[in-house]
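Below is one structure; the comments refer to it alone.
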Amino acid sequence: MLKDITPKELEELQKQGAVLIDIRTPMEWQQTGVVPGSHLLTFFDDYGNYNIEKFMNEFQKLVPTKESPFILICRTGSRTATVGNFLANQMGYSNAMHLAGGIFAWRADGKSFEPVNSL
C-alpha cells in the first residue's frame, strides 16, 4: 500500500536510507529545482505518455529489492499517487511512499531546492 508522507517525514526517511525519486519532467525540474538528494526519473512525458519497461529498468537500479524504501516526488502528488499505487499494488513493492502535495508541499514548508543545470 502506498503511504502518504509529509516533507518532515521525507527528511527523516531520507536520513534512514529511503531513496528519493522525482518523476516529473526535465522542464519541471529546471523550473523549480529538486529536493536535495533526489534521483531524476521521469515517468510521464510532457504529453502524458509513458514507457513502463524503460521506467522499471531504471527504477530497479535505484530500488534494488521489493522491500527497499523509496519516496516518489512530483508537482502536486497526483502522478506519484498513480505510479506509487501501481508499484505497491501491482508490482509488490512493500515500502512505497510519496510526498503528499508534491513539490508544492515541499515549497510551502519552506524547504530548500537543488538546482538542475545539466539536462
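The values are calculated or read from the model by the stated rules, or taken from the named source; none is laboratory data. Because the structure is predicted, anything quoted here is derived from the model rather than measured. Counting neighbours? That spans all protein chains shown, and the Cβs are built from the backbone with ideal geometry, glycine included.
Going through the range 29-39 one residue at a time, which ones are surrounded by 16 or more Cβ atoms within 10 Å (Cβ to Cβ) and either in a loop (DSSP other than H, G, I, E, B) or in contact (Cβ under 8 Å) with a residue 60 or more places away in the chain (or both)? Steps first, answer last, please.
Restricting attention to the range 29-39, the residues satisfying the condition of being surrounded by 16 or more Cβ atoms within 10 Å (Cβ to Cβ) are 29, 32-35, 38-39.
Across the range 29-39, the qualifying residues are Trp29, Thr32, Gly33, Val34, Val35, Ser38.
Quick one: which residue in Ile71, Ile21 is touching a His at 6+ places or on another chain (Cβ under 6 Å), at pLDDT 95 or above and not in a helix (DSSP H, G or I)?
Ile21
Can you tell me how many residues in the range 32-54 are out of contact with any helix residue (DSSP H, G or I) (no Cβ under 8 Å at 6 or more places or on another chain) and under 15 Å from Gly84 (Cα atoms)?
Qualifying residue count, the range 32-54: 2.
Select from the range 40-62 the residues that are of a type outside the set (A, V, I, L, M, F, W, C) and part of a loop (DSSP other than H, G, I, E, B) and write down the one among them that is surrounded by the most Cβ atoms within 10 Å (Cβ to Cβ).
Thr42
Which condition number does Gln14 fail, the rest of (1) surrounded by fewer than 20 Cβ atoms within 10 Å (Cβ to Cβ); (2) part of a strand (DSSP E or B) being met?
The failed condition is (2).
Is there any pair with a first residue in the range 40-66 that is over 21 Å from Gly77 (Cβ atoms) and a second that is loosely packed, with under 11 Cβ neighbours inside 10 Å whose Cβ atoms are under 8 Å apart and which are 6 or more apart or on different chains, and what are they?
Qualifying pairs under 8 Å: Lys66/Gly92.
For the range 75-96, how many residues meet the condition of being touching a Phe, Trp or Tyr at 6+ places or on another chain (Cβ under 9 Å), of a type in the set (Phe, Trp, Tyr) and within 17 Å of Phe44 (Cβ to Cβ)?
Result for the range 75-96: 0.
Testing Pro69 on (1) within 19 Å of Met1 (Cα to Cα); (2) touching a residue at least 60 places away in the same chain (Cβ under 8 Å), one condition comes back false. Which one is that?
All conditions pass for Pro69, except number (2).
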